[in-house]
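K.L.:
This is the structure, below, for whatever I ask next.
The values are calculated or read from the model by the stated rules, or taken from the named source; none is laboratory data. A quick note: this is a predicted structure, and the numbers were derived from the prediction, not measured. Heads up, the Cβs are rebuilt from the backbone with ideal geometry, glycines too, and the neighbour counts pull from every protein chain shown. The area values use the complete protein model at the heavy-atom level, side chains included, leaving out ligands, DNA and RNA. Shrake-Rupley method; radii C 1.70, N 1.55, O 1.52, S 1.80 Å.
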Amino acid sequence: MAAPVESYAGRIQRKLMKKQRIIEAASGRKRADVVLKNATYVNVFSNELCTCDIAVANGLIVGLGEYEGVQEYDMTGKIVCPGFVDAHIHLESSLVSPREFVKATLVHGTTCVITDPHEITNVMGTDGIDYMFQATEGLPIDVRFMLPSCVPATPMDESGANLDYRAIDSFFEHPRVCGLAEMMNAYGVIHNDAEVVSKIVASQAHHKKIDGHAPGLVGKDLDTYVAAGVYSDHECSTVDDALEKLKRGQFIMIREGTAARNLEALVPLLTPQYAERCMFCTDDKHPSDLLELGHIDYICKRAINEFGVDPILAVKVACHHAARYFQMNNRGAIAPGYLADFAIIDNFKDFNVQMVFKRGELYWDGKNLKDFPVPEIEAYLDERAHDTFHVSKLTEADFRDVRPRGVIGMIPGEIVTTDNGYADHVDLEKDILKIAVIERHKGTHHIGLGYIQGYGLKHGAVATSISHDSHNIIVVGTNSKDMAFAVNHIVENHGGITVVENEQVKGDVQLEIAGLMSDQPLTGMNEKLENAKDAAFALGVNKGIDPFMTLSFMSLPVIPTLRLTTRGVIDVITQQYI
């Protein structure tokens, strides 16, 4: 039986009672629900540490002073920070369900993330957006969304859907949508592509933000991109690049993730002169990093201890600036009327998160994480997410080719590549391997072939169904037989990562949700992933790279210089096949 619809008068009465409760607690006439006693907290408005009691009622901070509460926690010797905010992340990169992601990051003080679900949307179309809405509903980390802007990333790629502004327009009215996600097709913006620009216009019509993705853009091209309405960028790898964008009014998201780590290069921005325009993000974060290093707290710790950043400034960048940018006006600060989201640390030097409160409720006490419900996902979306592969069985003949193909040059620690000329065969002495991208959404049997240098593999093949952003199957190998076997194995598993030698599986990670994520616990996924990495390294993969995450970016046709799509090797600068 459906729940009765609340009348307007009933809704006002309910909200009135809540407001009156807040006023009574704030005034001290009644005890607050929760009080953090003797709390030394980061005041992001006055840029100092203040000490007093912090009173909470109905999930909001209601007072700073002397208070009594139904529940009281002594904060003596600790520092209370506002809950941390990740300004840009793809939850799919954790390889687990959003609920498992929350279990891993809430304990590190993260209470809000801004996610771009373009990974699953490239696979499932708008069903992917709906899936992520449902999979994140009611979690104790607020999950806000930026709508995918590039599905596929460019018209030269093949994904599971092709979304114009009409396909996403209705989603802008969803209460958890903040705007349009990273506009990766900078080329389309600069050259006035009507379909690309219409998405920017649609987002602005809904008074929403537009995030950017424009590595190395300069001069009039950068002016054009910013003038079109792109407000931020998270792809800055040098301080000069970041300053060119900051001076033109863009906000800079300082990224420290798994595939790309830019904190050290961008530390000069973390000063009073520039920091107001900066926020922290991770973009992509693999299980091992979440478990072993942490999340936004890890970025703060490094900024403070390795690079001498002022601790209060670092905390502001970790929470307040992102909240302001995304117009989440009751987050990112400790003050009356703000959400009672707290990350409580031992001290700035060690920066260990000892307690986490979400809306005044204690979820992490330093030892135990409070359980929370599993979000409900409707049967159609769940079944659709677990059946996304449409690929006929491949043989080694599908990978044989004698024509010269472009050689993608890998750079250790980077996802940008170089143009290393042409090759027509595998040459292990020169570290030239065959690479292929197989269309997996619509059964087209399109297979793009090329060569790659710098991966290091000496035997067998490595394949993954994570290949940004269209998430076709990408495979690199020393021989065609192992390449075909690896791809067929991934299709049989409905997605994943596999390491193969002599048609024997040496490492295996199953990703049954859209070929991107798993229903399994994060710890179990991490163990399988690390075992697969060890298998890849044993076969010769260069230890200076992440065998799978780095490989997954070799098909993204918006990051210079060369990439491989289902149609062949592409020069990203000219947007031409070579």
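K.L.:
Considering Cα pairs under 8 angstrom that are at least six residues apart, work out the relative contact order of the stretch 243-318 and quote it in whole percent.
P.N.:
Taking the mean separation of contacting Cα pairs over the length of the stretch 243-318, I get 32 percent.
K.L.:
Helix 8-27 against the longest principal axis of the chain: what's the angle in degrees, Cα atoms only, rounded to the nearest 10?
P.N.:
70 degrees
K.L.:
Moving on to the next point. Summing -39500 (n - 2.57) over the DSSP H runs of n ≥ 4 in the chain and dividing by its residue number, what mean residue ellipticity at 222 nm do you reach, to the nearest 500 deg cm²/dmol?
P.N.:
-7500 deg cm²/dmol
K.L.:
A further question on this structure: Measure off, as a whole percent, the carbon and sulfur share of the 1.4 Å-probe accessible area of the stretch 1-116, all protein chains present.
P.N.:
Answer for the stretch 1-116 is 54 percent, counting heavy atoms of protein chains only.
K.L.:
Stretched out fully, how many nm does the piece from residue 401 to residue 265 gain, at 0.36 nm a residue minus the Cα gap?
P.N.:
Result for the pair: 44.8 nm of gain on full extension.
K.L.:
On to the next question. How high is the relative contact order of the stretch 419-578? Use alpha-carbon pairs under 8 Å, at least six apart in sequence, and give a whole percent.
P.N.:
It rounds to 22 percent for the stretch 419-578.
K.L.:
Order 194-204, 209-219 from most to least packed using the mean count of other Cβ atoms within 10 Å.
P.N.:
Ranking the peptides 194-204, 209-219 by packing returns 209-219, 194-204.
K.L.:
Further, regarding this structure: If you put +1 on each Lys and Arg Cβ and -1 on each Asp and Glu Cβ, how big is the dipole of the stretch 229-329 around its Cα centre, in Debye rounded to 20?
P.N.:
360 debye
K.L.:
Which of the peptides 329-342, 74-87, 380-393 is most tightly packed, and how do the rest follow, judged by the mean count of other Cβ atoms within 10 Å per residue?
P.N.:
The most tightly packed comes first, giving 74-87, 329-342, 380-393.
K.L.:
Against the longest principal axis of the chain, how steep is helix 480-492, in degrees 0 to 90 to the nearest 10, with axes from Cα atoms?
P.N.:
40 degrees
K.L.:
Ignoring any ligand, DNA or RNA, what whole percent of the accessible area of the stretch 412-553 comes from carbon and sulfur when the probe is 1.4 angstrom?
P.N.:
The computed percentage sits at 47.
K.L.:
Nearest 20 debye, what's the magnitude of the dipole of the chain about its Cα centre given +1 on Lys and Arg Cβ and -1 on Asp and Glu Cβ?
P.N.:
Dipole about the Cα centre, nearest 20: 1440 debye.
K.L.:
Want the number for residue 422 to residue 534: 0.36 nm per residue separation, take away the alpha-carbon distance, what's left?
P.N.:
Difference between extended and current length: 37.3 nm.
K.L.:
On a C-alpha basis, how far is the centre of the stretch 364-429 from the centre of the stretch 265-342 in Å? Whole number, if you could?
P.N.:
With the stretch 364-429 and the stretch 265-342 each reduced to a Cα centre, they are spaced 30 Å.
K.L.:
While we're here: Need the full-extension length gain, residue 137 to residue 503, defined as separation in residues times 0.36 nm minus the C-alpha distance. One decimal, nm.
P.N.:
Fully extending the segment from residue 137 to residue 503 adds 127.6 nm.
K.L.:
Can you run phi through the Karplus equation (6.51, -1.76, 1.60; θ = phi - 60°) for the stretch 164-179 and list ³J(HN,Hα) in whole Hz, with x for Gly and Pro?
P.N.:
Residue by residue, the stretch 164-179 yields 9, 5, 5, 5, 9, 4, 5, 5, 4, 7, 5, x, 9, 9, 9, x Hz.
K.L.:
Place the peptides 570-577, 459-466, 50-57, 519-526 in order of packing, highest mean first, counting for every residue the other Cβ atoms within 10 Å and averaging per peptide.
P.N.:
Highest-to-lowest ranking by the protection proxy: 459-466, 50-57, 519-526, 570-577.
K.L.:
How large is ³J(HN,Hα), in whole Hz, for each residue of the stretch 41-56 in order, when computed from phi with the Karplus curve 6.51 cos²θ - 1.76 cosθ + 1.60 and θ = phi - 60°, using x for Gly and Pro?
P.N.:
My calculation for the stretch 41-56 gives 10, 7, 8, 6, 8, 9, 6, 8, 8, 10, 10, 5, 7, 10, 9, 10 Hz in order.
K.L.:
Still on this structure: With contacts defined as alpha carbon pairs under 8 Å and 6 or more residues apart, what's the relative contact order of the chain in percent?
P.N.:
Answer for the chain is 14 percent.
K.L.:
Over the chain, with the other protein chains present, what is the accessible area per residue in square angstrom, probe 1.4 angstrom?
P.N.:
38 Å²
K.L.:
So, one more: Taking only the alpha carbons of the stretch 400-516, what extent do you get along each of the three principal axes, in Å, biggest first?
P.N.:
37, 30, 29
K.L.:
In the structure shown, do any of 442/528; 103/285; 199/245; 481/533; 103/367 have a Cα-Cα gap over 19 Å, and if so which?
P.N.:
442/528; 199/245; 481/533, as the Cα separations exceed 19 Å there.
K.L.:
Next up: Let's see if you can work this out: charge +1 on each Lys and Arg Cβ, -1 on each Asp and Glu Cβ, no other charges. What is the dipole magnitude of the stretch 1-157 about its Cα centre, in debye to the nearest 20?
P.N.:
In debye, rounded to 20, the stretch 1-157 gives about 840.
K.L.:
With a 1.4 Å probe and all protein chains left in place, how much of the accessible area of the stretch 215-272 comes from carbon and sulfur atoms, in whole percent?
P.N.:
After summing per-atom areas, the C and S share lands at 55 percent.
K.L.:
Once you have all Cα-Cα distances for the chain, histogram them in 10 Å bins from zero and send the whole-percent values.
P.N.:
Taking every Cα pair in the chain, the percentages come to 4, 17, 27, 26, 16, 7, 3, 0, 0.
K.L.:
Just need log10 I(q)/I(0) for the stretch 269-332 at q = 0.12, 0.21 Å⁻¹, Debye formula, equal scatterers on the alpha-carbon atoms, no solvent, rounded to two decimals.
P.N.:
-0.32, -0.88
K.L.:
Under a point spin-label approximation (7 Å from Cα along Cα-to-Cβ), what is the residue 442-residue 374 distance to one decimal in nm?
P.N.:
That separation, rounded to one decimal, is 3.5 nm.
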